[in-house]
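Asks: Input: one structure, supplied below.
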Amino acid sequence: MLRNLRLHVEKDYSSMSQQAAEIFAAAVRANAITAAKTANPRPAYGFATGSTPVGMYKELILMHKSGNVNLSNITAFNLDEYYPISPTDPQSYRVFMRENLFDAVGTPPENTYIPDGQAKDPIAECAAYDEKISKAGGIYMQILGIGNNGHIGFNEPGASLMATTWHTPLAQATIDANARNFASVNDVPRHALTMGMHSIMMAKQILLLASGEGKAEILHKALCGPITTNVPASLLQLHNDVIIVADQAAARLL
Ligand code: PGA
């Protein structure tokens, strides 16, 4: 594996979550000191949804409550949001983030950005989103999961990838995988607004999480295989500072 990809293998989901939370909290503590001297005293972090980071968010809440890290003082940008979806829909990523992290650590809503799943003009919404990231001084650390099909955010495998935040159709594999959270597969929105590959790759650091046997093959392809738009996560090989925290099951082929 390339040297810019730093791999931590943990015994199971729980220790993966703990290790990822510690790495993230260390970055928040260090960057808070650096950022205090800049025009953006609330450093921006990129957050992900899905089942993988839930344990890490639980750990971060505990760390925040015990005074080990302060998450009320950051700016948060989420990778993506379904489209269309209401911000109060229980399946929206806006609600997911409030329930799994932001409400518990008191990150003020005005500092938590998620693409607007109800935007009348999704193209303008996407352009405005990248602008907001840039105005916030860029993302210090971007948390990522990896889809079974190799997507990051909702950048799905295909002949080409988009650079900036965009309005994308979801791959059937993603609709099927995410149906578990909806009443039926027909209720899964068919589109999303997602940060593009450049938006993700501009983060100073990437923290990629993977858990479970089901991710072993795609994680190996992404980190050790050829760089290809058919595995969007393989582009992470081109980023100069990626930390991967995987449990033994997901890291089995690395
Ligand atoms: P998961 O999703 O964490 O629910 O496996 C990962 C992803 O689709 O990015």
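Asks: With the condition being within 25 Å of residue 13 (Cβ to Cβ) and either out of contact with any helix residue (DSSP H, G or I) (no Cβ under 8 Å at 6 or more places or on another chain) or within 16 Å of the ligand (Cβ to nearest atom) (or both), I'd like the strands (runs of 3 or more DSSP E) fully within region 64-180 carrying at least 3 qualifying residues.
Replies: Correct list: 139-144.
Asks: A follow-up question, please. So which residues in region 75-90 are among the aliphatic types (A, V, I, L, M) and surrounded by fewer than 20 Cβ atoms within 10 Å (Cβ to Cβ)?
Replies: Result: no residue meets the conditions.
Asks: I'm trying to understand the selection: among the residues of region 112-159, which are of a type in the set (Asp, Glu) and farther than 22 Å from residue 86 by Cβ? Reasoning before the result, please.
Replies: In the first step, residues of region 112-159 are kept if they are of a type in the set (Asp, Glu); the result is 116, 121, 125, 130-131, 156.
Selection gives 130, 131, 156.
Asks: Among the residues that make up region 201-214, is at least one of them more than 10 Å from the ligand (Cβ to nearest atom), surrounded by fewer than 20 Cβ atoms within 10 Å (Cβ to Cβ), more than 16 Å from the chain's Cα centre (by Cα) and among the charged types (D, E, K, R)?
Replies: Yes.
Asks: Right, residue 194: surrounded by 22 or more Cβ atoms within 10 Å (Cβ to Cβ) and either within 15 Å of the ligand (Cβ to nearest atom) or free of Cβ contacts under 8 Å to residues at least 24 places away in the same chain (or both) or not? If you could, list the steps in order and put the result at the bottom.
Replies: Values: surrounded by 22 or more Cβ atoms within 10 Å (Cβ to Cβ): yes; either within 15 Å of the ligand (Cβ to nearest atom) or free of Cβ contacts under 8 Å to residues at least 24 places away in the same chain (or both): yes.
So residue 194 passes the test.
Asks: Any residue at all in region 137-144 that's closer than 30 Å to residue 62 by Cα, more than 15 Å from the chain's Cα centre (by Cα) and surrounded by fewer than 21 Cβ atoms within 10 Å (Cβ to Cβ)?
Replies: yes
Since every read-out is calculated from the coordinates, none of them should be taken as a lab result. Not measured: the values here are computed from a predicted model. Every residue, glycine among them, receives a Cβ derived from its backbone with ideal geometry; neighbour counts consider all protein chains shown.
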